[in-house]
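Taking it in order: structure first as structure tokens, then the write-up.
Each reported figure results from applying straightforward, stated rules to the coordinates on display, with no laboratory input. All of these numbers come straight from a predicted model, not from anything done at the bench. Here Cβ is always computed from backbone atoms with ideal geometry, including for glycine, and neighbour counts include all displayed protein chains.
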Amino acid sequence: MTPDTPSQNTTKAGFMARLRDHDMTASFLSSKVTVGAAIVTVLLMAGALLAPLLVASDPFDPTTVFIMDSHLPPFWIDGADPRFVLGTDDQGRDLLAAILYGLRVSLSISILGVLFATILGVGLGLVAGYVGGTVDAFIMRVADVQLTFPVILVALLIDGMVHGALKGVGQEDTAFGVLVFSITLSFWVKYARVVRGSTLVERNKDYVHAARLVGLPSFIIMLRHVLPNVLGPVLVILTINFGLAIIAEATLSFLGVGLPPTEPSLGTLIRIGQQFLFSGEWWIVLFPGLTLAALVLAVNLLGDWLRDALNPKLR
Amino acid sequence: MKKVLLTCCAALLLSLGNSYAKTLRLAYQGDLKSLDPYSVSETFALSMAGASYEGLVRRGENFAMEPALAESWEIIDPKHWRFHLRKGVTFHNGAPFTADDVLFSAERVRADGSDLKYRIPKEAEFIKIDDHTVDVMLPEANPILHYQWAGWYIMSKSWAEEHDAATPSPANADTPSYAALHENGTGPFMVESHQPGVKTVWKPFAAWWDKPKHNLDEVVLTTVSSDPTRVAALLSGQVDWIAPVPEQDIERINASGNAQVLQSPDLRTMYLGFDQVSDTLKYANVEGKNPFKDARVRRAVYQAIDIDGIIAKILRGAATPAALMIAPQLVNQTEEFKRFPYDPEMSKKLLAKAGYPDGFQVQLDCSNDRYPNDERVCQAVVGMLGRVGIKTTLNAQPKAKYFAKILSSGGYDTSFFMLGWSPAVLDSVDLFTNVLGCRDDKGNGGTMNVGGYCNPKIEELREQIRVETDKEKRDALIRQAWQISMVEDVAYAPLYQGGLAWGVAKNVHVKQRADGDIVFQTATID
Amino acid sequence: MLAFIVRRMIQAAIVLLTVALIAFVMFRFVGDPVNQIVGIETTAADRAEMRETLGLNDPVIIQFGRFVGRMARFDFGMSYQFRQPVSELFAERLPATLELAVISMVLAVGVGIPMGVFSALYRDSLSAKLMQVLSLVGISLPTFLIGILLIYVFSVQLGWLPSYGRGETVTIGGWSTGLLTGSGLLALIMPSVTLGLFQMTLIMRLVRAEMMEVLRTDYIKFAHARGLPDRVVHFGHALKNTLVPVITVVGLELGSVIAFAIITETVFQWPGMGLLFLQAVQNADIPIMAGYLMLIGVLFVIINLAVDLLYAAVDPRIKTTASAG
């Protein structure tokens, strides 16, 4: 154990140091784009979190929405109503309120889905790569089967199953769970494949053999060596997946499996809005669309920077 | 390589050739699933079949009944009709049209797998007098028998039997149905190719017995289900005719300069229905009670709905408020029926009187791809009901799931729903039978009476209406039945008469009929 | 190697059987096929009769047995909506989807790899940064929104490109192709760009990242030190080393391109498999849904097998015996 303990400390210290390192801060501050992306992300997240404090009306409460207020344009256009800064949608909801509340829904779904997928994927990848044999074959075959069903198919399937099993339950009650579950179920495979690949390479390296010969719990050692190596790819996948999850949610709403218009997510708002693109009510699709694009773009930019900054090979 | 080049050149020549021919390109929201004229009783499928097939009678331009494959008919006595068939008519495959084909079609339309069984009474007997005369013996008098026959198309006996298509449903579920993929009618157009759900092409039938009213060389139907894409296809000149036009895009198309929107009232009535059977209302918070059994609650829902707001904002004025369950033009003196006015205060009072001063909770079932803007209308209804204390959750689903839940096959599993109905027979008796007639749990009786409304007085009146041949007396009975069901009982909360909206290129002339049938056989291109 | 292939084949068969089970069990619960076949005016007795005819009342296990037996013969049954064999419908629709998917993928690889290499080599140049931004924008917009925007700009406003469908097609030996007619090629532009854009940005980002890592390795430094020309080092040595993950991604993405074609096909009303599938889901057309999933399953298994073999061929560090256990 003795030779291992200090190395653990250095790894830990190294990682923490890297985080505190002025190089890291400098690289962050030197990239105006990254700073901008961080600001956008923080603002959007804060807006979503504090939505009830920021806007007066709750767009999820149909009794506060009046049909005669519908299709009002944003404030700088003739015919606007000062109560609705960004205008209203087809039902008369304040678009700003709808976007903030929609952002909340979209973010919760994506964060939960991706988080579960990461844990599941990394865990299964490590196990598959390290244990090998039947376990590996089994996990990778499950992954194959899983890949047969991309997130859209998974969601369609699960949605159908849920509604088949629980007859009469509305979309409002199930959509959230269905989406989180579908995202988890669809997104773990990429982590598992990358982590498994890395583990396979590491497993054949001398230090693992050595560790095994000394009788050390080599799985622990491997985990310690594999995880830092795959942190880069995992972070990149996580970034892409987070953006993907938000888009997947929007897409599923577009196909009618996502959140219902009574509790709209960003995707639902876009689905509703795109039907008014030709009729001149562009704001119903534009503002939610811009919010979505800005969010995903900011997240992806942050991920890009993180990837370059955290990858030890690039330093 | 040579072959590819040749095909290439041939294709180029073909496309050049096509640009000189008058081709009408039509894009519709849904699929043309089957060419078999008896497989689905649905407006669109029947109107497409009507280009190739013909009935004994047909509806003319002004919607009046006129002779088609029957030159004339006489009512020998109320239960005995005689049809004189047109001579010299041939099917598209060249076979002559005779009485045998009528007898065969009368059997086939009532056979297994037919969705149009209701068009001919089960007990009606068809008797061949000679090759061009057919007698029909009815179990009971029916003065409007032939009204339902404009959509009952005559098929060729020899053709169907030759291709093993003597019944609409194939012998078992594993064999393809020939008649679903091929066509052999007597009508003005022949199907040249049919790719289900993608594309269907028609060419004029040169040997048609009647004088064509169109000037087309070819008709191409494609399915474009996405609303914006369909509108874009019309605006960019890729198609000449789209149906339906989403209400919000009407203005845009009219402003485009190269296309316009044809609008007219539709025969379909949209309405809200209530479960009036269950002792405890499902999907609700009322233990041991069913508020919808109380006519005052039903009226409270009715009066809570700002129908003018829905029509102005969601349907952009392309609909009219409905006071009955049937289009006003199909009932005489409809002006005596008025909607209960929009009055939320009144609704609250009615709810309080019925014992629900704080309202209650319920779930509204709704389709989201069946009727124009259906989900939006339901969403607005949810908000309006919320303001009078009826806290409603919306369960909007695609039509496949929606119908499977709320119709008889799903055991009428709904408390509160929105539906649309256009009477196939264009007469109130259709409603009193299917939508307002009593039914049992299995749906025998008024199959489409989802809420289970049942009033013996309506049953009685309906039977009288059925056999009454004096027009004025019949009209009076009809009005009486409407008074009882819609004013006294508030059996349903009618919403609006939908509007038909088609987008048509400027150089294309088509006629819009109130039944919503897409009739391209009278279309012309400049 | 042969043993490895045989073993993978057996595994593939098990995978397909599992997919069959999932496809069957799941779709047994979606919607009600009877309502789709008949109109809403049909009576309850007729509906019950139809359930019997379709075998929907048989025990589930019997229905599954029937299902697998047919699948093995590529007989996916009759579509409830079209009353036509599903295999025939697939044969009609498959060319449309495959053409779209392959063109999209060619576009993605053909543009994505050079852009990735370029932006890695000249990572500080303005155009590399521009590409990076463009790729991020491409990754940040949902497919259907891109499609709608393209239609709005190029069909409605400019009137340059058709908004839907495949245009004129030519049938050669049962394969309908839009690649040989002008209108067919025009109609292919927007859908393939829409579909391929995401994969393109993904490949570009991946190639860039991998290239940047490889360029820092000693191996490349030695190559430079040996005085080899830049072009040889970059394309002969560096790019070759980035290919392992690229092959994996391209292989896996080809499958998801075909699956994600559902969205593109819906927006552009492209008469392919995806549109057929979505319509089938909406109409509870179980035979089409089950057949589609089986087909996608077969496709993925084949692709996976190919990727595994290539992986083993390109990266000798992975022993095939190890990965197969």
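Go through region B:150-159 residue by residue and turn each phi into a ³J(HN,Hα) via Karplus (6.51, -1.76, 1.60, θ = phi - 60°); whole Hz please, and just put x for glycine and proline.
5, x, 9, 8, 8, 10, 7, 5, 5, 5
If you take every DSSP beta bridge whose two residues both sit in the protein assembly as shown, what share of them, in percent to the nearest 5, is antiparallel? Before the final figure, lay out each step's value.
Details: 60 of 78 bridges.
Here the share of antiparallel DSSP bridges comes out near 75 percent.
State the antiparallel share, in %, of DSSP beta bridges confined to region B:267-498, rounding to the nearest 5. It would help to have the intermediate numbers written out before the result.
Values: 13 of 22 bridges.
Percent antiparallel among DSSP bridges in region B:267-498 is about 60.
What full-extension length gain, to one decimal in nm, is calculated for residue B:487 and residue B:471 as 0.36 nm per residue of separation minus the Cα-Cα distance? List each step's numbers first, then the result.
Numbers: separation 16, 0.36 × 16 = 5.76 nm, distance 2.32 nm.
Using 0.36 nm per residue and subtracting the Cα-Cα distance, I get 3.4 nm.
Please list, in chain and number order, the residues 5+ apart from residue B:416 or on another chain whose amide H is under 5 Å from its amide H, with Hs placed from the backbone.
Amide H neighbours of residue B:416, under 5 Å, 5+ apart: B:275, B:365.
Between helix C:239-268 and chain C, what is the angle of the helix's C-alpha long axis to the longest principal axis, kept within 0 to 90° and rounded to the nearest 10?
40 degrees
Along the charge dipole of the protein assembly as shown, Cβ charges K/R +1 and D/E -1, which of C:310, B:327, C:162 sits furthest on the positive end?
Result: C:310.
Taking the Cα-to-Cβ direction at residue C:122 and at residue A:205 and moving 7 Å from each Cα, how far apart do the two end points lie in nm?
Roughly 3.6 nm, to one decimal.
Quick one: work out the % antiparallel among DSSP beta bridges in chain B, nearest 5.
Values: 55 of 73 bridges.
So the antiparallel bridges amount to about 75 percent of the total.
Using the Cα centre of region B:267-498 as the reference point, and only Cβ charges (+1 on K/R, -1 on D/E), how large is the resulting charge dipole? Debye, rounded to the nearest 20.
Values: 30 positive and 29 negative charges, 105 e Å.
For this selection, approximately 500 debye.
Only sites in a loop by DSSP and with at most 12 other Cβ atoms within 10 Å count here; which trypsin sites (Lys or Arg not before Pro) in region B:299-371 make the cut?
B:338
Please tell me the relative contact order of region B:25-196 in percent, rounded to the nearest whole number, where contacts are Cα pairs under 8 Å and at least six residues apart.
Working: 314 pairs, mean separation 53.9, N = 172.
That works out to 31 percent.
Once the Cβ-Cβ distance between residue B:213 and residue B:361 is put in as r, and R0 is 51 Å, what FRET efficiency do you end up with, to the nearest 0.05?
On the way: r = 56 Å, r/R0 = 1.09.
The pair residue B:213/residue B:361 has a calculated efficiency of 0.35.
Mind telling me which of C:302, C:263, C:288 comes out most flexible in a GNM of chain C, alpha-carbon contacts under 10 Å?
C:302
Straight distance only, please: which aspartates and glutamates reach the Cα of residue B:511 with their own Cα at less than 16 Å, same-chain residues fewer than 8 apart left out?
B:61, B:240, B:266, B:526
Short version: ³J(HN,Hα) in whole Hz for each residue of region A:42-52, in order, from phi by Karplus 6.51 cos²θ - 1.76 cosθ + 1.60 (θ = phi - 60°), x for Gly and Pro, what are they?
4, 4, 5, 5, 5, x, 5, 5, 9, 3, x
Whole angstrom only: what separates the Cα centroid of region B:268-312 from the Cα centroid of region B:493-520?
When both Cα centres are located, 30 Å separates them.
Can you spot the lysines whose alpha carbon is less than 22 Å from residue C:221's alpha carbon? Ignore those fewer than 8 places along the same chain.
A:313, C:240
Treat every Asp and Glu Cβ in the protein assembly as shown as -1 and every Lys and Arg Cβ as +1, leave all other atoms uncharged, and give the resulting dipole magnitude about the Cα centre to the nearest 20 debye.
On the way: 99 positive and 111 negative charges, 895 e Å.
With only Lys, Arg, Asp and Glu charged at Cβ, the dipole is about 4300 debye.
Taking amide H positions as placed in the peptide plane 1.01 Å from N, state which residues far from residue B:207 in sequence (5 or more) or on other chains have amide H under 5 Å from it.
The list, which skips near neighbours in sequence, is empty: none.
Give me the dipole magnitude in Debye, nearest 20, for chain C about the Cα centre, with unit charges on the beta carbon: positive for Lys and Arg, negative for Asp and Glu. All intermediate terms of the calculation are to be shown ahead of the outcome.
Values: 22 positive and 21 negative charges, 243 e Å.
It works out to roughly 1160 debye.
What does the C-alpha gyration tensor say about the overall shape of region B:267-498? Classify as rounded when a/c is under 1.5, otherwise prolate if a/b is larger than b/c, or oblate. The partial results should precede the final answer.
Details: a/c = 1.41, a/b = 1.32, b/c = 1.07.
Rounded, because the longest to shortest axis ratio a/c is under 1.5.
How far apart, in nm, are two points set 7 Å out from the Cα along the Cα-to-Cβ line at residue C:88 and at residue C:232?
6.1 nm
What are the lysines whose alpha-carbon lies under 22 Å from the alpha-carbon of residue B:122, with same-chain residues fewer than 8 places away excluded?
Partners found: B:79, B:157, B:442.
Just from its helices, what would the mean residue ellipticity at 222 nm be for the protein assembly as shown, if runs of 4 or more DSSP H residues each count -39500 (n - 2.57) and the sum is divided by every residue, rounded to the nearest 500 deg cm²/dmol?
Values: 40 runs with 607 residues, N = 1166.
After summing the helix terms and dividing by the residues of the protein assembly as shown, the value is -17000 deg cm²/dmol.
Which residues in region B:456-473 place their backbone N less than 15 Å from a point set 7 Å from the Cα of residue B:141 along the Cα-to-Cβ direction?
B:463-473, by backbone N distance to the label point.
Provide the packing ranking of B:246-254, A:90-98, B:462-470, i.e. peptides ordered by the mean count of other C-beta atoms within 10 Å per residue, highest first.
On the way: B:246-254: 21.4, A:90-98: 25.1, B:462-470: 15.4.
Those peptides, ordered most packed to least, come out A:90-98, B:246-254, B:462-470.
Distance from the Cα centre of region C:93-160 to that of region C:190-246, in angstrom?
Comparing the Cα centres of region C:93-160 and region C:190-246, I get a distance of 19 Å.
Around residue B:91, which amide H atoms from residues at least 5 apart in sequence, or from another chain, sit under 5 Å from its own amide H, with H modelled in the peptide plane?
B:97
Averaged over A:135-146, how many beta carbons belonging to a partner chain fall within 10 Å of each residue's beta carbon? Mind dumping the intermediate values first?
Numbers: counts 1, 4, 7, 3, 0, 7, 8, 2, 2, 14, 10, 1.
The shielding value for this peptide is 5.
My understanding is that a pair violates if its Cα-Cα distance is over 20 Å; which of B:22/B:203; B:348/B:391; B:289/B:338; B:293/B:391; B:33/B:399 do that in this structure?
Numbers: B:22/B:203 11 Å; B:348/B:391 13 Å; B:289/B:338 31 Å; B:293/B:391 18 Å; B:33/B:399 16 Å.
From the list (B:22/B:203; B:348/B:391; B:289/B:338; B:293/B:391; B:33/B:399), the Cα-Cα distance tops 20 Å for B:289/B:338.
Just to check I understand the Karplus step: with θ = phi - 60° and J = 6.51 cos²θ - 1.76 cosθ + 1.60, what whole-Hz values come out for region B:228-242, glycine and proline as x?
x, 5, 5, 4, 4, 4, 6, 5, 8, x, 6, 10, 9, 8, 10
Take the alpha carbon atoms of region C:91-267, find their radius of gyration, then divide it by 2.2 N^0.38 Å using N residues; give the quotient.
Computed over Cα atoms of region C:91-267, the ratio equals 1.20.
Name the shape class, rounded, prolate or oblate, that the alpha-carbon gyration tensor gives for chain B, where a ≥ b ≥ c are the square roots of its eigenvalues, rounded holds for a/c under 1.5, and otherwise prolate holds if a/b is larger than b/c and oblate otherwise.
Values: a/c = 2.00, a/b = 1.36, b/c = 1.46.
Taking the square roots of the gyration eigenvalues as a ≥ b ≥ c, chain B is oblate.
Name the shape class, rounded, prolate or oblate, that the alpha-carbon gyration tensor gives for the protein assembly as shown, where a ≥ b ≥ c are the square roots of its eigenvalues, rounded holds for a/c under 1.5, and otherwise prolate holds if a/b is larger than b/c and oblate otherwise.
Details: a/c = 2.01, a/b = 1.62, b/c = 1.24.
Cα axes put the protein assembly as shown in the prolate bin.
Using the count of nearby Cβ atoms within 10 Å as a rough guide to exposure, how do C:224, A:71, B:84 rank from fewest to most? Before the final figure, lay out the partial values.
On the way: C:224 14, A:71 23, B:84 17.
Going from sparsest to densest Cβ surroundings: C:224, B:84, A:71.
Could you calculate the FRET efficiency of residue C:2 with residue B:63 from 1/(1 + (r/R0)^6), where r is the beta carbon distance between them and R0 is 60 Å, rounded to 0.05?
Values: r = 75 Å, r/R0 = 1.25.
The computed FRET efficiency comes out at 0.20.
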